[in-house]
Amino acid sequence: MAGGSNEGREWSFTPAQRHGAGPALSPAVAERRAGKAATVQTPNQVRRLAPREGRGGCPQKAASPKPGTLGSPSSQQVSPACNAPGRSDTMLLLQRAVVSEFRQACRLKSTPSKLCIRACSTNDSFQPQCPSLTFSGNNSSTRGWRVTGTLLGLGAVLAYYDHRCKAAQESPRIYTREEVRSHSSPETRIWVTLGSEVFDVTEFVDLHPGGPSKLMLAAGGPLEPFWALYAVHNQSHVREILAQYKIGDLSPEDKVPSTLKTSDPYADDPIRHPALKVNSQRPFNAEPPSELLTENYITPNPIFFTRNHLPVPNLDPETYRLHVVGPPGGQSLSLSLDDLYQFPKHEITVTLQCAGNRRSEMTQFKEVRGLEWSTGAISTAHWAGARLCDVLAQAGHQLCETEAHVCFEGLDSDPTGTAYGASIPLARAMDPEAEVLLAYEMNGQPLPRDHGFPVRVVVPGVVGARHVKWLGKVSVEPEESYSHWQRRDYKGFSPSVDWDTVDFDSAPSIQELPVQSAITEPKDGETVESGEVTVKGYAWSGGGRAVIRVDVSLDGGLTWQVAELDEEEQRPRKAWAWRLWQLQAPVPAGKKELNIVCKAVDDSYNVQPDTVAPIWNLRGVLSNAWHRVHVHVRAAP
């Protein structure tokens, strides 16, 4: 009944062992040659009674029966399907019945002899067949009846045991979300949930059509957020495949997500997609994993990178009003959502990038202050709304010869009432070709709360910090916004400037961003196959400048190859969105590792610097050095 490698072993009892000593293993051939044994055998090669790891809900520990009992090999395991109450009592009855009766049956008064039992097993239940019995010695008839009675009792015990196994299978085990979360790697088994059901998909990970890395994103958590991204999962045959891996159900109290205390200023924040890599929980800041970032040209709303500075406001669209301050002597506007809908609807595809994208690479060179963004603080969406120039004109504003700025104020605020704010030059705001939007739709849907519902500013070609969310007020001022995030943040400095010498008034606020590119596949540290490697990534440049080329190197920059760019349209001086690119290249023979590098060139022939050192700054912004990924090469078979 033991799992592991015990199939085909034979257990023999010496006279001393029949009186209490533990069983001793001996080769079957030697026993038969000695002619001293009466042998009981089951049919040939019955399947082992071994658990299918993970199919019962938990990794199984090896059982450790006491010496002198049947089935004491250390490799014996408990079948997860039979982990029902009373199992230990059942096995104790089994062991006592077998050992006791065989001891009695094998107490020979003449020539010492042994009783050999071939221990075979099955995956589902032990099924004794009609055994053949041979005895030597006196009183063989009496002993035969005793053995027959023993086997009948054994059959009854095993039938009861099999019944308990089936009962355990019919009543699914109950797990908490905490238990599910603890199973998120091959070492601990990979569990996921769908609705109220729990599944162990460890054996399926390598079979997943989208690749193991995609399925691993859901490890230890729910599948729903990921299935929502890919409609192919909403098919009956997919659910049938998943059903094969069910191990139990969620506990009733874990079927409803827990909520934060109402005293928490972030208690009303929206639920986020679990795939996001969280850099800060409060306020919430997160980016999509690189393997999802460039799966689609348009980033799905749930995994669009999120940059919040304060708690997310919960605004009522019915009572929402946008206040647009008019010029001196003019008339201010108070616009509802319906009022905004009356302006001509304008639609554009725009990439937003945080000023701190790839900051983590600057940190590796020298410590900086700021969130540790990787390559994912950038995303692309299709936006729709009213053009800012139309709304400003409605309020009576005109482009003036003197310098002026359009200031934006959000409805997110801290406990002191301080709101997030930013500004852009009036010349950009009033230019119809700049296509600045007061957006109310994102990818064909109302803005998600994390992305500014009900209205946000979208400023194509400009750093994400100026795209103010939850927009509450617009005004035209002679100077830029006095907001902390405009005057004391999001500015670049020389590598020689530190926090003791920095003067924020000496540097202009970041508006347009420099040319940028990054590798999203393969990931740093991965192992790739020999033969051919596929490298994927994105490239983008601020100010509407189009990316015209991406160069990729497999040897750290010694030699270069030109990547293939996507075919998305790029309008001259209005290239507001990124270019996705990929390169398929042969792996140089004999290479055990690759140092992959990428760099982009825009239509002004701006190119990325090769290292971080000359662009390092104390805030870690504007990080656009060559992106580098080191991978290992699996040796050819």
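The values are calculated or read from the model by the stated rules, or taken from the named source; none is laboratory data. Here the structure is a predicted model, which means the values were calculated and not measured. Quick reminder, even Gly has a Cβ in these numbers, built from the backbone with ideal geometry, and neighbours come from all protein chains shown.
Considering only residues that are among the aromatic types (Phe, Trp, Tyr) and assigned to a strand (DSSP E or B), look in segment 529-570 and name the one that is nearest to the chain's Cα centre (by Cα). Result: Tyr538.
Checking each residue of segment 376-384 against the condition of being under 25 Å from the mean Cα position of the chain (by Cα), crowded, with 22+ Cβ neighbours inside 10 Å and part of a loop (DSSP other than H, G, I, E, B) gives at least one match. Residues that are over 21 Å from Asp269 (Cβ atoms) and either outside any strand (DSSP E or B) or not small (Gly, Ala, Ser) (or both) are absent from segment 412-421 altogether. Output yes when any residue across segment 448-457 is outside the structural domain of Ile348 (by TED's automatic domain parsing), over 20 Å from Ser623 (Cα atoms) and in a strand (DSSP E or B), and no when none is. Within segment 448-457, not a single residue is outside the structural domain of Ile348 (by TED's automatic domain parsing), over 20 Å from Ser623 (Cα atoms) and in a strand (DSSP E or B).
Reported count of residues in segment 571-617, each being under 20 Å from Leu558 (Cα atoms) and not in a loop (DSSP other than H, G, I, E, B), is 16. Any residue at all in segment 602-611 that is exposed (fewer than 13 other Cβ atoms within 10 Å of the Cβ), under 25 Å from Arg359 (Cα atoms), of a type in the set (Phe, Trp, Tyr) and in the same structural domain as Val535 (by TED's automatic domain parsing)? Taking every residue of segment 602-611 in turn, at least one turns out to be exposed (fewer than 13 other Cβ atoms within 10 Å of the Cβ), under 25 Å from Arg359 (Cα atoms), of a type in the set (Phe, Trp, Tyr) and in the same structural domain as Val535 (by TED's automatic domain parsing). When residues of segment 277-291 are filtered for being buried (at least 22 other Cβ atoms within 10 Å of the Cβ) and not polar (S, T, N, Q), how many remain? Final tally of qualifying residues: 3. Taken as a whole, the structure leaves Leu371 outside the set of residues that are farther than 24 Å from Ala434 by Cα, surrounded by 16 or more Cβ atoms within 10 Å (Cβ to Cβ), hydrophobic (A, V, I, L, M, F, W, C) and in contact with an Asp or Glu (Cβ under 8 Å, 6 or more places away or on another chain). What are the residues in segment 479-510 that are polar (S, T, N, Q), assigned to a loop (DSSP other than H, G, I, E, B) and out of contact with any Lys or Arg (no Cβ under 7 Å at 6 or more places or on another chain), if any? Result: Ser481, Ser483, Ser494, Ser496, Thr501. Are any residues in segment 339-367 assigned to a loop (DSSP other than H, G, I, E, B) and crowded, with 19+ Cβ neighbours inside 10 Å, and if so, which ones? Answer for segment 339-367, where residues must be assigned to a loop (DSSP other than H, G, I, E, B) and crowded, with 19+ Cβ neighbours inside 10 Å: Cys354, Ala355, Gly356, Asn357, Arg358. Annotation for segment 577-584: at least one member residue is surrounded by fewer than 17 Cβ atoms within 10 Å (Cβ to Cβ) and touching a Ser or Thr at 6+ places or on another chain (Cβ under 9 Å).
For segment 422-443, a tally of residues being buried (at least 16 other Cβ atoms within 10 Å of the Cβ) and either not in a strand (DSSP E or B) or not assigned by TED's automatic domain parsing to the domain that holds Val391 (or both) returns 8. Considering every residue within segment 254-273, establish whether at least one is within 22 Å of Ala219 (Cβ to Cβ) and crowded, with 18+ Cβ neighbours inside 10 Å. Yes, segment 254-273 contains a residue that is within 22 Å of Ala219 (Cβ to Cβ) and crowded, with 18+ Cβ neighbours inside 10 Å.
Going by what's in this entry, would Pro460 be described as at pLDDT 95 or above, buried (at least 19 other Cβ atoms within 10 Å of the Cβ) and in a loop (DSSP other than H, G, I, E, B)? Criteria met by Pro460. Can you report the number of residues in segment 310-336 which are under 28 Å from Pro415 (Cβ atoms) and either part of a helix (DSSP H, G or I) or modelled with pLDDT under 95 (or both)? The number of residues fulfilling the criteria is 2.
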